[in-house]
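Novice: Below you'll find the structure I mean.
The values are calculated or read from the model by the stated rules, or taken from the named source; none is laboratory data. All values derive from a computational prediction rather than experimental measurement. Glycine gets a Cβ as well: all are built from the backbone with ideal geometry, and neighbour counts include every protein chain shown.
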Amino acid sequence: MENKIEGQNVIFSVAEEQFSLPLNTVKEIIRIPTITQLPLAPKYVEGIINLRGEVVSVISLRDKFGIEKLEKNDQERIVIVIKGNALYGLRVDKMHGVINIEKEDISKAGSNESEFVNEVIKYKSEIYMNLDLNKVLDIKINQISDKKLEQKGKKEKVKVNIEEEEKFVTFQLDKEKYAIKINCVKEIIRFKEPKKMPTDSEYFMGVIKLRDEILPIADFRIQLGVDSRKIDEFTKVVVIESNGISVGYIVDRIDEVLSFPKSKILIPPAYIKAQGSEEISAIIKAGENKILMVLDPNKILTKADEKVAEKEQNRNIKEKLDENKLKMLETSQFIVFELEKTFYGVEIEKIQEINRLENVMKIPKSADFVEGIINLRGEVIPVVNLRKKFKIEEIEKTDFTRIIIGEINKKKIGFVVDNVREVLRVEKRKLSDISNFEVEKTELINSVYKKGEKMILMLNFDKLLDVSEMAGIEEVKKNISEEK
C-alpha cells in the first residue's frame, strides 16, 4: 500500500511531540486491551494482542524513541497500522483526530529530526512529524508472533479476514456513541467559540473562519436530543460535507477510528425509524453491550437547516469574490538586489542565473559601463556594471558582489550588483504606480513595492539597455568572436 502523506492524516502525540500517519496506512484505533508479553523480545515490543481473531504485535513508541514510560491512563491508544499484508499496533499517548493535508504543507525531514521521521507537516500553527513505518517497524515481528503461537500449540496459520470493510470515526455525545463514515469527514478540529449569526435554528451556534472559509457550526447534542455538557479540552468539531455543504458539528469527544466488516453493519431496528430518527442509517455491534449508531450525513440537516448553512457559505463566496476583484490577488516573484543601499526588483522569469563575480575580461574601447565579458560554459556573455550605468559611485567588489544574467531581446547580458538579497513574492495589487516619478525614469522603473520601512524599485528589465547600447555591446561581442 502506498504511504501517501498528502490527504487525510491521523494525528497523535508521544510525550511532547506530535506525529502523523497517512490515513490509508491506519486500519483502526483502539483502546489498550490485554497485552500478552513475549519472552526475549526487544524492549519496545510490548507483546501481542488478539484483534478479532488476528494476532497483532504491539510496539511502544515511547520505548522505540527512548522516552521514559508513561503511567497507564485512559488517553492512551493503540493505532493499528497496515504494512504489506500484516497488521501492527503502535502504542501512543493521545489521539488528536484527523486533518486534511495539502501538498504545500509537507516538507522533507531535516537532519535534526528523528531517524523514524521522513516528512514534516506544517498545518496551521502546528508542526507534525510523519512517521516512516519502514523504520519504526524494522523488526522481525512476524517471527516473534509465530514463535509465540507455536509455543501455545497453535500450528494452524492465522486466517486473514478478507471481507470488505468500512472505516468509521466514532465519537461520544453524553453517554451515547455514534459513528460516521471516514470518507464523509473532511477534518476534525479543536473547538473554538463561533461568532453568532442571525438564524431561527436552535442548534446552529454561529460561524468560524477556517483557512479563509466561513464554516457554520451546529451542536450535535441539541440536534440529536442529547444532554449538553460543558465545553472542555476534549470537545471537538467534526467537519462533515452534507449534500455539498460543509458544516462543523460539536461533539463531546472523538473516540476512535475503527474498521468493521460490512456484515457487522446492520439496518437499524424499526422502532428507531418509527421515532423519526432518519439521520441514523445503520447500527454496528462493536462488542458486548456496545452499540454504535451510524449517522447519514445527508440526513442530518433538514431542508431549512441546509438553506441556513448554504446562505452563510454563499455569503462567504460572494465576499471572497468581491475581495478578490477588489484586491486582484495575482502575485509575481522578484529577485531583489542592492546598489548603494537602494533595493531593486526584477521579475524572476527574466533571470536565468546568478553567479559570483569571477574572471571578467576587460574590453578596450567599450562603453564605460561595460565591465567586460565572461565565458559561461563556452558562451561569451557581456557584463554591464549597473553602478556605472546608474551613475552611482564605484566601490570595491566584495564576496557578496554578484552577476545577474538575463535576456534582453533574446541576447544574454550580465549585470553586476552589490549583492542579491532575496526572492520575494508580491501581490500585484500592492505594487504602487510611479506617476510621481520623474519622466526620464518611468521607462526604467515599472512600480514600487513597500516592504515595511524598505522601498523596492521594480525595474523594467528589458529597458535596462536602450537600442544603441545593445547594438554597441553586440558589436564588441562580435569582434571578440571573430578574433577567436
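Novice: I need the strands (runs of 3 or more DSSP E) fully contained in segment 380-427, keeping only those with at least 3 residues that are modelled with pLDDT of 90 or more. Before the answer, list the steps.
Specialist: On the way: elements: 402-408, 411-417, 419-427.
By residue number, 402-408, 411-417.
Novice: Starting from segment 437-454, keep only residues that are at pLDDT below 50, then list their pairs with residues that are of a type in the set (A, V, I, L, M) whose Cβ atoms are within a distance under 8 Å, requiring at least 6 positions of separation or different chains.
Specialist: Within 8 Å, the pairs are 437/445; 441/434.
Novice: Give me the pairs, please: first residue somewhere in segment 217-244 and touching a residue at least 60 places away in the same chain (Cβ under 8 Å) and under 18 Å from residue 279 (Cβ atoms), second residue anywhere and polar (S, T, N, Q) and part of a helix (DSSP H, G or I), beta-carbon distance under 7 Å, and either six or more positions apart or on two chains.
Specialist: 242/298; 243/298
Novice: Is there a residue being in contact with a Lys or Arg (Cβ under 7 Å, 6 or more places away or on another chain), modelled with pLDDT of 90 or more, buried (at least 20 other Cβ atoms within 10 Å of the Cβ) and not hydrophobic (A, V, I, L, M, F, W, C) anywhere in segment 89-98?
Specialist: If we filter segment 89-98 for residues that are in contact with a Lys or Arg (Cβ under 7 Å, 6 or more places away or on another chain), which is where we start, we get 92, 95, 97.
With the extra rule that they be modelled with pLDDT of 90 or more, the set shrinks to 92, 95.
So of that shortlist, the ones also buried (at least 20 other Cβ atoms within 10 Å of the Cβ) come out as 92, 95.
This time we only want the ones that are not hydrophobic (A, V, I, L, M, F, W, C), so: none.
Within segment 89-98, not a single residue is in contact with a Lys or Arg (Cβ under 7 Å, 6 or more places away or on another chain), modelled with pLDDT of 90 or more, buried (at least 20 other Cβ atoms within 10 Å of the Cβ) and not hydrophobic (A, V, I, L, M, F, W, C).
Novice: In this structure, does residue 261 turn out to be surrounded by fewer than 21 Cβ atoms within 10 Å (Cβ to Cβ), modelled with pLDDT of 85 or more, touching a Gly at 6+ places or on another chain (Cβ under 8 Å) and of a type outside the set (Ser, Thr, Tyr)?
Specialist: Details: surrounded by fewer than 21 Cβ atoms within 10 Å (Cβ to Cβ): yes; modelled with pLDDT of 85 or more: yes; touching a Gly at 6+ places or on another chain (Cβ under 8 Å): no; of a type outside the set (Ser, Thr, Tyr): yes.
No: the conditions fail for residue 261.
Novice: Here is a check on your reading of the model: is residue 208 surrounded by 13 or more Cβ atoms within 10 Å (Cβ to Cβ) and among the β-branched types (Val, Ile, Thr)? Steps first, please.
Specialist: Working: surrounded by 13 or more Cβ atoms within 10 Å (Cβ to Cβ): yes; among the β-branched types (Val, Ile, Thr): yes.
Considered against the rule, which asks whether it is surrounded by 13 or more Cβ atoms within 10 Å (Cβ to Cβ) and among the β-branched types (Val, Ile, Thr), residue 208 comes out as yes.
Novice: Among 21, 38, which is the only one that is assigned by TED's automatic domain parsing to the domain that holds residue 103, closer than 21 Å to residue 122 by Cα and either modelled with pLDDT of 80 or more or not basic (Lys, Arg) (or both)? Spell out how you get there, then give the answer.
Specialist: Working: 38 fails: closer than 21 Å to residue 122 by Cα.
It is 21.
Novice: Within segment 331-343, is even one residue acidic (Asp, Glu), surrounded by 14 or more Cβ atoms within 10 Å (Cβ to Cβ) and out of contact with any Leu (no Cβ under 9 Å at 6 or more places or on another chain)?
Specialist: Keep residues of segment 331-343 that are acidic (Asp, Glu), which gives 338, 340.
Retained after the next criterion (residues that are surrounded by 14 or more Cβ atoms within 10 Å (Cβ to Cβ)): 338.
Restricting the remaining residues to those that are out of contact with any Leu (no Cβ under 9 Å at 6 or more places or on another chain) gives 338.
Checked segment 331-343: at least one residue is acidic (Asp, Glu), surrounded by 14 or more Cβ atoms within 10 Å (Cβ to Cβ) and out of contact with any Leu (no Cβ under 9 Å at 6 or more places or on another chain).
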